[in-house]
Amino acid sequence: MRRVVHLILGSLLFAGVVATAGEKIFVVERENSALAVIKHNLVWDEIKNMHNCNHAVVKFRDNDGYVITRDGYVIKIDPINDKKVKEYKTSKSAIGFIVGDNYVAVANYDNKTVEILDRDLNHLQTIKTGSRNVGIKEYGDRLVFACMDSDEIWVMRDENAGKKEPHFVLEKKVTNIGKVPFDAMIDKNLYVVGLFNSPDIGVLNLDTMEYRKVPLNLGKKERILKVPHFGFWSISGDYFFIPAVGNRKVFVFDHEFHPITSIDVKGNPVFTALSPDKKWLAVTFSGRDFPYVQIIDTKTLKIVRTLKFPGWILHLRWSVDTPHLYFSVNTKDMVLAYNVSDPDPKKWWKHFEWPVPKPSGIFLFEAPDEPAPILKKVSQ
């Protein structure tokens, strides 16, 4: 049985062994070069020696886990046994990556390349861009990313599609997309890129390669302490939700990118995260509003609850297995789970609290069936 790091409850008693599956929660320990592992509602384990975790991101494919670190490492982990498997340094500074069926593609800042590795982190290809690279996504046999310094989108096609090892060639370079792309999301055939110094978002149709700018009514820009993240969390059946850059708004568009409305929120938004049933949108903020999270009803597009926490919220994640919303409270060294089963968000309540030093990113892995642990009664 794996080492139990901490028991949150005063006492626990498990009798017998039952088959269990479900979420394992991997939490980046921002200052500790480590990942905390939460399982069976316990802080269960820790994966150490993970390099600079200041902006670490974790992704899973099949039963493999991958981590990229701020100082340019890609690390393969075994998320079933909570072990570090292998590492490979792609650059001095990496910012994003994607895991395909037979490759890992890393978008780098410092050495201005995109590096292609196989799933075992053996180097396959270097794509030189001459720019810091962001917003890397996968679309069929294509790889898509934005070049922050040259204001371009590159679409790369795998000319070895269907073979063991990929090899990407440039299919399309979209130029003059707007000033300073910083992140992107993808929905079906649309690649949607945020523009840091332009009052627009960019939309590239990956089937027709037509590009257009969609204007945003940003107003006067405020000082930005943390850049908004697009990811893939903000796409519902009806809408795209776009966090504004330097403005206290969340923009709402339909899937043809016609503007619907803008929602005034408490601060400068960072994450806009949809619940699995798409009913609720959770919004986090930067600056003096780091301790707040607002919940928006995606039907009425109204704010239905404002949560205030005892410290800075650097990340959140909706559970896909249980009615929980997880929060990393970085400045209070804890991860919280709120029970969100009630249809009224005002009745959501704190269910679990786990001690994790300087937590930031929260990432979920669907673990295979395993025997539940037999734990004797433990008293604090």
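The values are calculated or read from the model by the stated rules, or taken from the named source; none is laboratory data. As the structure is a computational prediction, the values presented were derived from the model and not from experiment. FYI the Cβ positions are ideal-geometry reconstructions off the backbone, even for glycines, and counts take in every protein chain you see. Just the protein is used for accessible areas: all its heavy atoms, side chains included, with ligands, DNA and RNA removed. Shrake-Rupley method; radii C 1.70, N 1.55, O 1.52, S 1.80 Å.
What ³J(HN,Hα) values, in whole Hz, does the Karplus curve 6.51 cos²θ - 1.76 cosθ + 1.60 give for the stretch 333-339 when θ = phi - 60°, with x put for Gly and Pro?
The phi angles translate into 6, 8, 10, 10, 10, 9, 7 Hz.
Could you sort out which of 48/137; 137/188; 302/350; 24/76; 84/112 sit more than 21 Å apart by Cα distance in this structure? Let's see the in-between values first.
Values: 48/137 28 Å; 137/188 12 Å; 302/350 23 Å; 24/76 17 Å; 84/112 27 Å.
Over 21 Å Cα-Cα: 48/137; 302/350; 84/112.
What FRET efficiency comes out for residue 149 versus residue 217 if R0 is 45 angstrom and r is the Cβ-Cβ distance? Round to the nearest 0.05.
On the way: r = 27 Å, r/R0 = 0.60.
With R0 = 45 Å, the Cβ-Cβ based efficiency is 0.95.
Grab the beta carbon distance between residue 101 and residue 366, set R0 = 22 Å, and tell me the FRET efficiency rounded to 0.05. Could you put the intermediate results ahead of the total?
On the way: r = 18 Å, r/R0 = 0.81.
E between residue 101 and residue 366, to the nearest 0.05, is 0.80.
Can you pull the Kirkwood radius for the stretch 110-218, inverse mean 1/r over Cα pairs, to one decimal in Å? Walk me through the intermediate numbers first.
Details: mean 1/r = 0.0699 Å⁻¹.
Roughly 14.3 Å, rounded to one decimal.
How much space per residue, in cubic angstrom, does the convex hull of the C-alpha atoms of the stretch 196-282 take up? It would help to have the intermediate numbers written out before the result.
Numbers: hull volume 9.2 nm³, N = 87.
So the per-residue hull volume is 106 Å³.
Given points 7 Å out from each Cα along the Cα-Cβ axis, report the residue 300 to residue 288 separation in nanometres with one decimal.
2.9 nm
Between 120, 342, 78, where does the largest GNM mean-square fluctuation fall for the chain, given springs only between Cα atoms within less than 10 Å?
In the Gaussian network model the winner is 342.
Compute the accessible area per residue over the chain, keeping the other protein chains in place, probe 1.4 Å, unit Å². Write down the numbers at each step before the final one.
Numbers: 16530 Å² over 380 residues.
Result: 43 Å² of accessible area for each residue.
Identify which of 26, 253, 97 has the largest mean-square fluctuation in a Gaussian network model of the chain, with springs joining Cα atoms closer than 10 Å.
Judging by the Gaussian network model, the answer is 253.
What's the FRET efficiency of residue 87 with residue 179 using the Cβ-Cβ distance as r and R₀ = 22 Å, to the nearest 0.05? Walk me through the numbers on the way to the answer.
Values: r = 35 Å, r/R0 = 1.60.
According to the calculation, E is roughly 0.05.
For the chain, modelled as a Gaussian network with Cα springs under 10 Å, which listed residue fluctuates most, 210, 165, 87?
210
Sorting 262, 234, 341 by accessible area (1.4 Å probe), largest first, what list results? If you can, show how the numbers build up before the last one.
On the way: 262 45, 234 0, 341 75 Å².
Output order, biggest surface exposure first: 341, 262, 234.
If amide H atoms are built 1.01 Å from N in the plane of the peptide, which residues on other chains or at least 5 residues away come under 5 Å of the amide H of residue 96?
107
Using a 1.4 Å probe and ignoring any ligands, DNA or RNA, find the accessible area of residue 255 and quote it in Å² to the nearest 10.
50 Å²
Percent of accessible area on the stretch 84-141 owned by carbon and sulfur, 1.4 Å probe?
Values: 1010 of 2270 Å².
Carbon and sulfur atoms account for 44 percent of the accessible area of the stretch 84-141.
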